[in-house]
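Asker: Encoded as structure tokens, here's the structure I'll be asking about.
Taken together, the values in this text are just the output of simple stated rules run on the coordinates, not laboratory data. Predicted model, so just to flag it, every value in this text is computed and none were measured. Using ideal geometry, Cβ is built from the backbone for each residue, glycine included, and neighbour counts are taken over all protein chains shown.
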């Protein structure tokens with residue numbers, strides 16, 4: 001049996017998940033990526049913990065954080081990985097200072113609890129697809145043809161600790177939720 005992995009993330013409203021899925025469906029219909037993230041699994045990762053034997057210390061530290069709810073706006077599709085055959089398709093978030101501060105607070109709490117975390121710069125995004133699945137290289141023109149023409153803003157209202165279940169869909173189970181307080 002695979003060992004469970006855990007991560008802290010901002011959850012998304014059902015409306016936001018539905019809209020991202022609607023915008024992504026044309027790419028799904030043409031099979032451009034091998035795997036698509038289940039819409040219920042859309043989120044913005046703040047800190048990936050990996051496997052863990054004891055979660056109470058980190059939950060206690062995150063619970064003690066004083067974080068307000070805040071507004072975010074979906075931005076555009078982008079990719080990670082090789083430019084011609086990306087491994088990740090994502091929906092971006094417009095730059096947000098408060099998102100950066102909340103992420104730094106959660107990240108710091110996880111480090112204080114003893115978790116070794118990824119040191120790459122924070123690049124807020126919502127993963128929607130994995131592994132380019134076409135015989136021709138991806139192009140910016142192809143990706144631009146799917147960019148949303150509308151904007152969508154939503155309120156980030158909770159930090160969630162998710163457990164990963166690789167053997168089911170949706171894959172992520174919320175095991176702890178910290179509501180963010182209203183401004």
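Asker: Using alpha-carbon pairs under 8 Å, 6+ residues apart, how would you state the relative contact order of the stretch 1-95 in percent?
Answerer: Dividing the mean separation by the residue count of the stretch 1-95 yields 28 percent.
Asker: Between rounded, prolate and oblate, where does the stretch 119-172 land on the alpha carbon gyration tensor, with a ≥ b ≥ c its root eigenvalues, rounded for a/c under 1.5, else prolate if a/b exceeds b/c?
Answerer: oblate
Asker: Right, another one. Binned at 10 Å from 0, what are the whole-percent values of the Cα-Cα distance distribution for the chain, short to long?
Answerer: Reading upward from the zero bin: 9, 36, 36, 17, 3.
Asker: Restricting to DSSP H runs of at least four residues, report the calculated mean residue ellipticity at 222 nm for the chain, -39500 (n - 2.57) per run over all residues, nearest 500 deg cm²/dmol.
Answerer: Mean residue ellipticity at 222 nm (helix-derived): -7500 deg cm²/dmol.
Asker: For the stretch 87-130, what value does the Rg/Rh ratio take when both radii are computed over Cα atoms and Rh is the Kirkwood radius, given to two decimals?
Answerer: Ratio of gyration radius to Kirkwood radius for the stretch 87-130: 1.03.
Asker: If you fit an axis through the alpha-carbon atoms of helix 14-29 and take the longest principal axis of the Cα set of the chain, what angle between them do you get, 0 to 90°, nearest 10?
Answerer: Tilt relative to the chain: about 30 degrees.
Asker: Can you bin the stretch 1-47 into rounded, prolate or oblate? Criterion: square roots of the alpha carbon gyration tensor eigenvalues sorted a ≥ b ≥ c, rounded for a/c under 1.5, prolate for a/b above b/c, oblate for the rest.
Answerer: oblate
Asker: Can you put 82, 178 in order, fewest other beta carbons within 10 Å first?
Answerer: Starting with the residue having the fewest Cβ neighbours, the order is 82, 178.
Asker: Extension gain residue 71-residue 173, at 0.36 nm per residue separation less the Cα-Cα distance, in nm?
Answerer: 34.3 nm
Asker: State whether the stretch 48-131 is rounded, prolate or oblate according to the following rule on the C-alpha gyration tensor (a ≥ b ≥ c being the square roots of its eigenvalues): a/c under 1.5 gives rounded; otherwise a/b larger than b/c gives prolate, and the remaining case gives oblate.
Answerer: Oblate shape, in that a/c is at least 1.5 and b/c is the bigger or equal ratio.
Asker: Note the full-extension length gain between residue 29 and residue 135 as 0.36 nm times their separation in residues minus their Cα-Cα distance, in nm to one decimal. All intermediate terms of the calculation are to be shown ahead of the outcome.
Answerer: Details: separation 106, 0.36 × 106 = 38.16 nm, distance 1.62 nm.
Length gained, residue 29 through residue 135: 36.5 nm.
Asker: May I ask for the distance between the Cα centers of the stretch 73-117 and the stretch 14-45, given as a whole number of Å?
Answerer: The stretch 73-117 and the stretch 14-45 have Cα centres spaced 17 Å from each other.
Asker: Run the simple label-point estimate for residue 100 and residue 64 please: 7 Å along Cα→C-beta, distance reported in nm.
Answerer: For the pair residue 100/residue 64, the computed spacing is 2.6 nm.
Asker: Over the stretch 6-179, what is the relative contact order in percent, taking alpha-carbon pairs closer than 8 angstrom and at least six residues apart?
Answerer: Here the relative contact order equals 35 percent.
Asker: May I ask you to derive the FRET efficiency for residue 119 and residue 165 from their Cβ-Cβ distance with R0 = 41 Å, giving the value to the nearest 0.05?
Answerer: E between residue 119 and residue 165, to the nearest 0.05, is 0.90.
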